[in-house]
Every structure is written in C-alpha cells, then in structure tokens.
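The values are calculated or read from the model by the stated rules, or taken from the named source; none is laboratory data. Note that this is a predicted model, so its numbers are computed, not measured. Note that we place each Cβ from the backbone using ideal geometry, even for glycine, and neighbour counts take in every protein chain shown. Keep in mind that these areas ignore ligands, DNA and RNA; they rest on the heavy atoms of the full protein, side chains included. Shrake-Rupley method; radii C 1.70, N 1.55, O 1.52, S 1.80 Å.
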Amino acid sequence: MRPEPFSVAVAQDGAQAVVTVRGELDLATAPQLESALLPGLRDGGSAVLDLRGLEFMDSTGVRVIVAAHHAAQEHGGSLALVRTEADGPVARVLEISGLDAVLNLVDDV
C-alpha cells in the first residue's frame, strides 16, 4: 500500500493558525511544513500543529517542530501539537527525541 501524498493545510481559527499535515514528513517534505508554520510564529502568532494524519516522521520533521517551538518562544507566540496515537510511529519519534516532555501537547484542535 502506497503512503498518502504529503500535504499541509493551514486554516485560521480566530487568532490561531491550525496547521494539519498528512502523509510522510521527511527530508523531501519538511520545507513545505516549515514555510507554512514558521513565518506566523516568527511574527508572534499562535499555532496548533495537527500531526494525526502523519504516517511517518523522521529527524527532519523533528527539526522543523523544534525550530517552530523556538520561534514561538522567542517571538511571544505559542505552539501546541495535537497528540497522535500513543502507539503510532510519530508518537514514538516524539517520545524518543524527548519532545513529548517539552512541547505543549493537546488532545484536539
């Protein structure tokens, strides 16, 4: 079975951007997420990153999330991540990297 094509969708929910990703977040697709997520956080905005549609994430995806977290902290914005399935591959990457203990994880958008 082929993985779902990567996509990034951005929707505004009041003052907060909701960024939803699907497919595989890796070296080839990370720049798309970075360009959708980081500019608003660097402007002091708030965002919720919904990773529930991801089937795979590598260290490049982790780097983008870390950069987004730092951008939010440095510029007075906020970043929250919607929790993925506890036994799924994306949750495992967040756990192994230690990000699950650092990031603001929420149950829903």
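Computed values, structure above
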item: Residues of region 28-44 satisfying the condition of being in a loop (DSSP other than H, G, I, E, B) and surrounded by 20 or more Cβ atoms within 10 Å (Cβ to Cβ); result: THR29
item: In region 53-87, the residues that are among the small types (Gly, Ala, Ser), open to solvent by less than 20 Å² (accessible area, probe 1.4 Å) and part of a helix (DSSP H, G or I); result: GLY61, ALA68, ALA71, ALA72
item: Any pair with Cβ under 6 angstrom, 6 or more apart, that starts in region 87-109 at a residue that is closer than 20 Å to GLY23 by Cα and ends at one that is part of a loop (DSSP other than H, G, I, E, B) and among the hydroxyl-bearing types (Ser, Thr, Tyr); result: VAL90/THR84; ALA91/THR84
item: Qualifying positions in region 1-21 - touching a Gly at 6+ places or on another chain (Cβ under 8 Å) and surrounded by 10 or more Cβ atoms within 10 Å (Cβ to Cβ); result: PRO3, GLU4, PHE6, SER7, GLN16, ALA17, THR20, VAL21
